[in-house]
Amino acid sequence: MAEQALSKDIIGKKLDKFEFTVERGKIKEFCQAIGETSPIYFDLEAAKKAGYEDIPSPPTFPTVITFWGYPKIWQDMADIGIDLSRILHLKEEYTYHRVLYPGDVWAQSEISDVKTGKMDMVSFKTTIYSKKDNQPILSGEMAIVIRPQDK
């Protein structure tokens, strides 16, 4: 079967909206997994004493939202011609508009860039919004590289 070629025509393609509940327990589990020990992520009183209104999420927690909250991303990648067996994570960048706290959020990703060549690269921009006020909390940009096929 012929492999589908990636095209810059998919830039701007929006993926499905999805919802996610940020839970204090998930923040704690994430912090344990990455070795984070600051009490602000484990103890509500410590977080409030440090000036937070609740337990904040650590800076890289939004990746959890995308992959736990939108597992369909793998099928979406395959549908646009990405061979999942050849992907490598290249980068992840976040722009915060405010602190991400426990609560309900919704998000939507879109394809923000495609580069083709010896190795293809696809970037996805995901914006996460509060369900309380529909205002953005942060935007994240993830880029993947697709390794060339072995010959």
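The values are calculated or read from the model by the stated rules, or taken from the named source; none is laboratory data. This structure is a prediction, so every number in the text was calculated from the model and none was measured. Methodologically, a virtual Cβ is constructed for each residue, glycine included, from the backbone with ideal geometry; neighbour enumeration extends over all protein chains shown.
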Requested in this report: Check THR66 against each of (1) within 23 Å of THR127 (Cα to Cα); (2) at pLDDT 95 or above and name the one condition it does not meet.
Outcome: (2)
Query raised in the report: When you scan the range 68-89, how many residues do you find that are within 11 Å of LEU6 (Cα to Cα) and touching a strand residue (DSSP E or B) at 6+ places or on another chain (Cβ under 8 Å)?
Result: 4
Requested in this report: Can you confirm whether the range 82-97 contains a residue that is farther than 17 Å from SER123 by Cβ and either of a type in the set (Val, Ile, Thr) or touching a Leu at 6+ places or on another chain (Cβ under 8 Å) (or both)?
Outcome: yes
Report task. Might you let me know whether the range 9-27 holds any residue that is surrounded by 14 or more Cβ atoms within 10 Å (Cβ to Cβ), at pLDDT 95 or above, part of a loop (DSSP other than H, G, I, E, B) and of a type in the set (D, E, K, R)? Result -> yes
Query raised in the report: Does the range 35-42 include one or more residues that are in contact with a Pro (Cβ under 7 Å, 6 or more places away or on another chain) and part of a strand (DSSP E or B)?
Result: no
Query - Matching residues in the range 95-151 - criterion: being among the charged types (D, E, K, R), closer than 19 Å to ASP54 by Cβ and touching a Lys or Arg at 6+ places or on another chain (Cβ under 8 Å) - result: ASP104
Report summary line: Inside the range 47-59, the number of residues satisfying the requirement of being out of contact with any Phe, Trp or Tyr (no Cβ under 9 Å at 6 or more places or on another chain) and closer than 16 Å to GLY25 by Cα is 0
